[in-house]
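Notes follow the structure.
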Protein chains: 2
Amino acid sequence: MDDRQYEGLDAIFHPRSMAAVGVAERVENMGMSFLRGYRKMGFKGPLYAIHPQKKLAKFETFSSLEAVPGPVDFVQISLPARLVPGVVRECGRKGVRAVSIFSSGFRESGTAEGEALEEELVRAAREGGVRVIGPNCMGIYCPESGMSLRGDMTVAPDGELALLSQSGGIAISAVMAAAERGIGFCKAVSYGNECDLGPPELLPYLARDPKVRVICLYIEGTRRPEELRSALTAAAAQKPVVLLKGGATAAGSRAVSSHTGALTGTGEVWRALARQAGCSWAEDLDELIDLAMLYSLSAPPAGKRLGLLTISGGFGVFATDQVIRAGFEMPPLAAETREALAPYLSAPGTSLANPVDMAAKFFQPQNYETIFGALDRDPNFDAYLMIVAMEYMTYLGKNAKPWSEFVLKALIAAMKKIRRPIYVAFLHTAVDDIRLAHERTLIASRLPVFPTVARCLTAIERTMRLSGP
Amino acid sequence: MDDRQYEGLDAIFHPRSMAAVGVAERVENMGMSFLRGYRKMGFKGPLYAIHPQKKLAKFETFSSLEAVPGPVDFVQISLPARLVPGVVRECGRKGVRAVSIFSSGFRESGTAEGEALEEELVRAAREGGVRVIGPNCMGIYCPESGMSLRGDMTVAPDGELALLSQSGGIAISAVMAAAERGIGFCKAVSYGNECDLGPPELLPYLARDPKVRVICLYIEGTRRPEELRSALTAAAAQKPVVLLKGGATAAGSRAVSSHTGALTGTGEVWRALARQAGCSWAEDLDELIDLAMLYSLSAPPAGKRLGLLTISGGFGVFATDQVIRAGFEMPPLAAETREALAPYLSAPGTSLANPVDMAAKFFQPQNYETIFGALDRDPNFDAYLMIVAMEYMTYLGKNAKPWSEFVLKALIAAMKKIRRPIYVAFLHTAVDDIRLAHERTLIASRLPVFPTVARCLTAIERTMRLSGP
């Protein structure tokens, strides 16, 4: 991708002004929802509502795009399908750079009429020099510039992940589920029917974008398999690319055809594509986010020898089973490590086997650095997994919050000094608000945290493969 | 189990008064934590602190158990192991019915001294007619009487589930994780080293207890395999019993030995035991709670033909893959159902295939009963799965909460009229407080709800087996 191509696409993510066509005051109106979303995300430039008759209450309204006095760089279209090509033609005359089309009723409808409308729309866009996201999509999310997928998106931290998603629902859910955990996307594109811009154009852009560390892709099918393959291969050579495939079974594939009208292919074809292209494979949305978070925070361990720390014997037993089943190893502690730890971990209930059971000694945060330091010097381990059952963090009733914040701070300080990869499994129990706050603190400290041991192990295992599912 | 045996055990769960031995004012003191827990859970009778010298601030203190003027039915012991047999002897003299021993340093320590201490403790208990929970355990949880596993347990709704857990950490986490979702345990016992009361005694009691609908068991090993087998078989003949095994791998098994000192056995041995006894098998704690919740709320479907409803095409595609991979079927809608639904679900974006995609028609709750009613009359389905991405429930920004409550109410009303089993997958995205509140509302309406489609399918599949893993 040359400089001009890169800058051309980058400009789409940084419009000077935006307009929505197909707006109404009704609360469920999508055009209005998009405008609310841009304002909520802090878009700095002018936002226009286009309505042939009415003046709308909260946004500057013009009767047509051409009636707007200044430039309009980006237009969000939510009109019935049959009206869309005309609006795109108007966009061309106005010098609009790009449109995002929410409307459905094009190729994905499976009708000749829908297909013809999509072709007409593409012609109108080409003739006018307008790039198209969609149709049948939620558009662009970019917190840096203030673009949003919908009016009610959480204002999330600007992050290091990027997402291309054929499904708008998956795009919104991915961004919001990640935000809830403190994991940020800097760019997400819901590209729907992909009549113009899709992964073959956007992957090279994201691969070059210096803000993006990890690229996530939710894909149901493609009508340009060879272009997709070479774009994936080139992007994965630059930074981690995680692929989530929808419609991998025959029935799922039928569901795709009524969703985005794309050609699909069996799960095996897609797995082989991911492997050849050097992409990571995610089995579901949680795994996609886990994996992207892990890639952005942590390098893969050099080997599979895990040292486990627990507070509860039961969870230690259980985690040991999971570690072994997932194909990792749990060597014993070196003799010197046991000696170094003995003064700190010798009370009843503790254990100097692997898992190291801190038991009640968890309540002595002043010793964390010494304990983690001794483990870090142990040559038997490639990485460490700290299992925290939330109930130990919320011990002490109404003092739970300050006390658990104090403990977490000490844990983070000790873990940050460990030179090998360290992971936290922060098991969900009660008091979700405290848990979520702590998860965000860990992520903000660039320590990977997972809600279950199984999810943690899956993500580690996948980042350790050189490529492919 | 005869009436006298049942009443003898039931009395342990309903003491008239309780005392803690091994208390101090320090905030991390366990004896004090137990007393705080009993008070927080609303225990109605007297609570005594036993301390040889000091008067404690918040509880009536006596220098010894025998100095307490009235009866003491239940004693919680948190002293160093070597002092425990003496206290148990004192309990015998005082006429205490049962003790729960938090202290560790007995058989699980792997030392001859620990083993001897445990034997001495058992003798003291037998001689004094005192039943023992533990040692190395967190004791009894029973919201009806006000017994709690620890001082900071959430005061959860009294429910229909019971739990026997060899691990105190797992017991606490299970009860609290379930409470967070609105799922209640009416009894939970953390039984630790099982020197006296364990599953062979407590399973028959829970099987007979009319409050208990489902029995959960977390077990690492047993020293009484034949008694356990026959107790499991008898209990599973009465009501669903869900078994979670810790230490199923060789390494996990080694972790058990330092945890509760029980004999273990390979995973295969335990799976065979569960199968023969007619118990359900859970692979992890989340699955245990999912499965218990499902057993308590819903009968298994008659077959594997699922009808799916979604709001987002992407999630529908994805769920279809998961349904097929999990061995379920997704037949098309009957012609009459398509006809009946056409007037309500014909806008762009909707689909009358399976999954039925409600798309924007989700925002018309007035049609839910008609839509669900038509599906319910369709002979092609054995059960229904409604997939709700939270982001659709929180649409509309600051009106999210009241609007989503309104939608949920309409959904529940429609779903409650369906005669075949219906399940909800409430995908996690942002705004966890709203999601949790809605999950609790669904559970309170006796509608099973799961955080992922995969967990839902696993639980359904397991409840459909007649027995075994």
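What follows draws every value from the coordinates through simple rules; no lab data is involved. Here the structure is a predicted model, which means the values were calculated and not measured. All Cβ positions, even for glycine, are placed from backbone atoms using ideal geometry, and neighbour counts span all protein chains on display.
Principal axis extents of the Cα atoms in segment A:190-234, from largest to smallest and rounded to whole angstrom, are 29, 21, 17. Peptide B:345-356 is shielded by partner chain Cβ atoms: per residue, an average of 4 of them sit within 10 Å of its Cβ. Simple point charges give the picture: +1 on the Cβ of Lys and Arg, -1 on the Cβ of Asp and Glu, and for chain A a dipole about the Cα centre of about 680 debye. Could you state the angle between the C-alpha long axis of helix A:313-325 and the longest principal axis of the C-alpha atoms of chain A, as a value from 0 to 90 degrees rounded to the nearest 10? Around 60 degrees separate the two axes. Per residue of peptide A:149-155, the mean number of Cβ atoms on other chains within 10 Å of the residue Cβ is 4. What the pair-distance distribution of segment B:3-295 shows, using all Cα-Cα distances binned every 5 Å from zero, is 1, 6, 13, 17, 19, 17, 14, 8, 4, 1, 0 percent.
Label-point spacing at residue A:111 relative to the other copies reads 8.1 nm, in ascending order, each point sitting 7 Å out from Cα along Cα→Cβ. Could you work out the pair-distance distribution P(r) of the protein assembly as shown from its alpha-carbon pairs, with 10 angstrom bin width and percents rounded to whole numbers? Taking all Cα pairs of the protein assembly as shown, the binned fractions are 2, 12, 20, 22, 19, 12, 8, 4, 1, 0 percent. Positive end of the charge dipole of segment A:3-295 (Lys, Arg +1 and Asp, Glu -1 on Cβ, about the Cα centre): tell me which of A:176, A:146, A:116 has its Cα farthest that way. Farthest towards the positive end: A:146. Can you compute the FRET efficiency between residue B:115 and residue A:275 using 1/(1 + (r/R0)^6), with r the Cβ-Cβ distance and R0 = 51 Å? Round to the nearest 0.05. Between residue B:115 and residue A:275 the formula returns 0.40. Measure nothing fancy, just the Cα-based angle from helix A:267-277's long axis to the longest principal axis of chain A, in degrees from 0 to 90, nearest 10. Compared with the principal axis, the helix lies near 80 degrees. When residue B:347 is represented by a point 7 angstrom out along its Cα-to-C-beta vector, the spacings to that point in the other copies are 6.0 nm, nearest first. Suppose the Debye formula is applied to equal point scatterers at every Cα of segment A:301-464; what is log10 I(q)/I(0) at q = 0.09 Å⁻¹? Computed log10 I(q)/I(0) values: -0.26.
If you take the Cα centroid of segment A:17-77 and the Cα centroid of segment B:175-222, the two points sit 59 Å apart. Computed from point charges on the beta carbon alone (+1 for Lys and Arg, -1 for Asp and Glu), the dipole magnitude for segment B:174-320 about its Cα centre is near 420 Debye. Taking the C-alpha atoms only, the angle from helix B:453-464 to the longest principal axis of chain B is near 70 degrees. Rg/Rh, computed from the Cα trace of segment A:98-214 with Rh as the Kirkwood radius, has the value 1.00. Only bridges whose two residues both fall in chain A count here: according to DSSP, what percent of them are antiparallel, nearest 5? Percentage antiparallel, nearest 5: 10.
Run down the aspartates and glutamates and flag those whose C-alpha is under 13 Å from the C-alpha of residue A:401, throwing out any fewer than 8 positions away in its chain. Cα-Cα hits under 13 Å: A:391, A:432, A:433, B:152. Dipole of chain B computed with +1 at Lys/Arg Cβ and -1 at Asp/Glu Cβ about the Cα centre; of B:14, B:238, B:130, farthest Cα towards the positive end is B:14.
For the peptides A:74-82, B:373-381, A:182-190, residues were scored by their other Cβ atoms within 10 Å and the scores averaged per peptide; the highest-first order is A:182-190, A:74-82, B:373-381.
The packing ranking of peptides A:269-282, B:335-348, highest mean first, is A:269-282, B:335-348, where packing means the average number of other beta carbon atoms within 10 angstrom of each residue. The mean number of Cβ atoms from other chains found within 10 Å of a Cβ in peptide B:319-331 is 4, as a whole number.
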